[in-house]
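What follows is a single structure, written as structure tokens, with notes after it.
The values are calculated or read from the model by the stated rules, or taken from the named source; none is laboratory data. These numbers were taken from a predicted model, which means no experiment stands behind them. Here the Cβ positions follow ideal geometry from the backbone for every residue, glycine too, while neighbour counts run over all protein chains shown.
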Amino acid sequence: MNRDPSIMSAGSEEHPPLGGAVDGEHHEVDSAAAAHDRAFDHTPESALKVHEAAAANRARFHLFANAPEDIQTRLAQSRKAMKLVFRNLHYQVPITLPPESTKTFVDRYIVEPLRSLLPEGLSQRTYGWVELLHGVSGVVRPGEFCAILGGSGAGKTTLLNAIAGRSMLPPSEGSVTFNGRTRTHATRRLIGYVMQDDVFLSNLTVEQTLRFTASIRLPRTMTREEKRRRVDEVLHSLNLDKARNTIIGDQQFNKGISGGERKRANIAETLLTNPSLLLLDEPTSGLDSTTALSVVRLLKDLALSEGRTVVATVHQPSSVMWSEFDKVLLLADGSTVYFGPASEATAYFERQGFRLPYGYNPADYLLDLLVSGLESGGRMTEERWRSVPERVRREARRMFGKGGASGSLDVSDEDDEKSASVYSELTASMVLRAAWCLNEAEMMSAERAAYESRAREYSTIARAAAASNRDRARAAVAAELSDGGTFVERHGAEKDGDDDEDEVGEQYTEHKYAVSWYEQFRALALRAILQSGSSFFTWVTLSQAIAVSLLALFVWVGSPDDESGIYPRLGLVFFTGIFWSFTVLYSSITSFPMERAVLNKDRSAGSYMLSAYFLAKTSIESPMQLVYPYMFTLIVYFSANLKRTASAFFLFAVLLSMQVMVAQSLGYWLSSMVMDFAQLAVMAALWMVGTILVAGFFIPISKMHVWFRWIRYVSFVYYGYNGFIINEFQDSTYACEDNGAGGGGVQSKSYPSCAESPPQPVTSQEIFRAYNVDTTFGIGGCIGMLIMFMVVMRIFAYLSLKYVQGVRK
Ligand SMILES: Nc1ncnc2c1ncn2[C@@H]1O[C@H](COP(=O)(O)OP(=O)(O)O)[C@@H](O)[C@H]1O
Ligand SMILES: [Mg+2]
């Protein structure tokens, strides 16, 4: 280390500034933050001993012990120990629904329905804020397993989201740091977050899902074979061997793996990415007790023997699980009730007057206390109230008593005597919140005092050592060592604030993503083939395509070659265009919203670039969507007697493809703006009906009101339809029907040539005129316009994915 120690400590939150004059105000801030962290970073001797003992005993199943040496080394290199600090986190959410009483008739029936049609981001109005977290703090070090406990609705998920940076809004106050720095793109990839509601693509098997994640998230230095081996290990270690070839399925129609397997698959997917910080939301809920315990042990093992930082919310921990936790964070209504070593929790609660009854599971006892408002263990009784230390009683009454915060500070004990029921308006959780506030303040002031005395000491050392560079460096090392930080922390803290991005591990220094754009594209394309392939090509869709082809065949078979065949041909090309546009549009709006959840999950984990995803998905799905329309064309084109030239057939196929792809693009665009399927269906239907009505089949353009005629230019069906007609009729002539034979006479009058005597064949010009076909574009123009629609809509879709409802970085 040949760096100037004074620079070295500049960006550090851990160490007091060395040497030189200390800017007073700056020092204030620094020391407050450092004292805060230190107060919460309390790892007792006893816990360290447990650590050591357990580290020695690695007989328990060990996740990557079987991996060959080289893979282990490479994985270790790509990971970095991560110290998590969250400091005084406050989190607020806006209230977006107006109070019922203030709603007017207009609000209820006009404003709200209209607003719900807008994309979510634009439609909200804020009526106030609710605070869900009230200043939660904690420090979790590499190798530690911290459990977040609390009743349902306590704010556990909210807290995890805030730590992971997945919440809708940033915390309103407080900070989350990783090795002393805020979240960057690179740190994001070192965080594994196992969400409570796991989202997967339903048509992939467990193994395919993990393969995909491995190919995209494991470092580019690993070969495919190595990645595959790693998938096998993770599958094995999570006991998923049996389910590896089962599709994941969704919980409604397409049943796949069981709930417990889903949960484990979710953990497996996250583990695979080799995170330094592992956040898990209720990984044990819904599992049987044995599996739950084995999951907890696995997590503990990941922390202990692999140096990861693990934070998990745990539902109903058993006593055995409790003993696996290094630290616990107990939450009640968004406030901390206890944060610290699990082993010291019962002693702490005893000091506050809540003694664990003999033989009780600490977790059960504490959670029972904390579920407030129920007629449960959370009620205060006189006996309990008496055992609470006096200062805590006073604080609790100050914070929550009648008169609330405005209540006088000098609530004396005499008041207690007078009104025997003071405690009745308080619950155990309120008392414990008050107790923690006091405790926090004490810890902080003690730490702060200690910190300041150390700071003075160090600056003396530094000044003394300023004589020579060598001495100075030595003093810095001495200072750091005496500071008690571990190697990792020193290194984490030693970085300066400027080189913000990508200081995390060698693997990531030059690359924002684990693998190159091309690799991402390849893996995503493969995944799209698996996912979309199995939802596009099912028995249902195949039967639909065959049935419609046959119906069209029966209706249009052998259309006559003379004048009477003109109208059926128009009908056929119109039907072909709109039927397939509708089908493809609906198929894309039904499949996309489900995938959006997965996309958001992957993107917020920093897995791949949106452009790689979007291009892979669209370039795989477009040809897939064309299979059935082409099948239809083959069946119907010749039997309906459409024009028998190679170029006409080819152009028909091109026009149909383009129209289908525009419909698909429209589907992408709409579903990238709106998540809700009901809204999507309405928007898509309206859009399609609008485009169809103005396309010219139902009402000739010349009969439309002049104000609305322009609409046809934004209707893609119009270009498709026009193109089809020009393609079919140009350069052809149709003999007039024999007028004497009755029936057809009415139509014949629309063509002047037939009215002549003797009747002349109907020319294409006459047909175009009769049906108001605009030939100025020509077939090429129509195809060009369709291509333009396709490109523009896809760009809109991409942009709105990226910006309108984009995942926050
Ligand atoms: N976006 C939101 N708007 C309003 N209230 C919310 C929102 N998100 C969560 N909450 C409320 O905050 C509380 C904590 O939620 P959560 O963190 O999910 O609890 P849990 O501890 O069960 O995971 C709950 O009472 C929940 O109803
Ligand atoms: Mg939750």
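Filtering segment 257-290 to residues that are part of a loop (DSSP other than H, G, I, E, B), among the small types (Gly, Ala, Ser) and either closer than 21 Å to Leu149 by Cα or within 16 Å of ligand 2 (Cβ to nearest atom) (or both) leaves Ser285, Gly286.
Of everything in segment 648-692 that is of a type in the set (A, V, I, L, M, F, W, C) and not in a helix (DSSP H, G or I), the residue that is nearest to the chain's Cα centre (by Cα) is Met675. In segment 291-320, the residue that is nearest to Val139 (Cα to Cα) out of those that are part of a helix (DSSP H, G or I), at pLDDT 85 or above and among the charged types (D, E, K, R) is Lys300.
Annotation: of all residues in segment 256-295 being of a type in the set (Asp, Glu) and touching a Ser or Thr at 6+ places or on another chain (Cβ under 7 Å), the one that is farthest from ligand 1 (Cβ to nearest atom) is Glu269.
Screening Gly138 against (1) away from ligand 2 (no atom under 16 Å from the Cβ); (2) at pLDDT below 85 leaves a single unmet condition, (2). When restricted to residues that are away from ligand 1 (no atom under 16 Å from the Cβ) and either more than 15 Å from Leu299 (Cβ to Cβ) or without any contact (Cβ under 8 Å) to a residue 12 or more places away in the chain (or both), segment 316-353 contains 14. Scanning segment 150-181 for residues that are among the hydrophobic types (A, V, I, L, M, F, W, C), surrounded by 23 or more Cβ atoms within 10 Å (Cβ to Cβ) and within 16 Å of ligand 2 (Cβ to nearest atom) yields Ala154, Leu159, Leu160, Ala162, Ile163.
Conditions (1) over 24 Å from Val548 (Cβ atoms); (2) surrounded by fewer than 22 Cβ atoms within 10 Å (Cβ to Cβ); (3) hydroxyl-bearing (Ser, Thr, Tyr), marked per residue:
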residue	(1), (2), (3)
Ala646	yes, yes, no
Val660	no, no, no
Ala678	yes, yes, no
Ala685	no, yes, no
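Cβ-Cβ contacts under 6 Å between residues 6 or more apart (or on different chains), taken from a first residue in segment 710-739 that is more than 13 Å from Ile566 (Cα to Cα) to a second residue that is of a type in the set (A, V, I, L, M) and in a loop (DSSP other than H, G, I, E, B), are listed as Ile711/Val694; Arg712/Val694; Ser715/Val694; Ser715/Ala695; Val717/Ala695; Tyr718/Ala695; Tyr721/Ala695; Asn722/Val773.
If you go through segment 541-586 and keep only what is of a type in the set (Ser, Thr, Tyr) and modelled with pLDDT under 90, you end up with Ser559, Ser564, Tyr567. Comparison of Arg808, Arg769 shows that the only residue that is out of contact with any strand residue (DSSP E or B) (no Cβ under 8 Å at 6 or more places or on another chain), outside any loop (DSSP other than H, G, I, E, B), surrounded by fewer than 19 Cβ atoms within 10 Å (Cβ to Cβ) and modelled with pLDDT under 85 is Arg769. Filtering segment 619-647 to residues that are in a helix (DSSP H, G or I) and among the hydroxyl-bearing types (Ser, Thr, Tyr) leaves Ser619, Ser622, Tyr628, Tyr630, Thr633, Tyr637, Ser639, Ser647. Is there any pair linking a residue in segment 185-204 that is part of a helix (DSSP H, G or I) and hydrophobic (A, V, I, L, M, F, W, C) to one that is away from ligand 1 (no atom under 15 Å from the Cβ) and modelled with pLDDT of 90 or more, with Cβ under 7 Å and at least six apart or on different chains, and which? Matching pairs, first to second residue: Leu190/Leu277. Is it true that some residue in segment 589-604 is part of a helix (DSSP H, G or I), aromatic (Phe, Trp, Tyr) and modelled with pLDDT of 90 or more? For segment 589-604, residues part of a helix (DSSP H, G or I), aromatic (Phe, Trp, Tyr) and modelled with pLDDT of 90 or more: absent.
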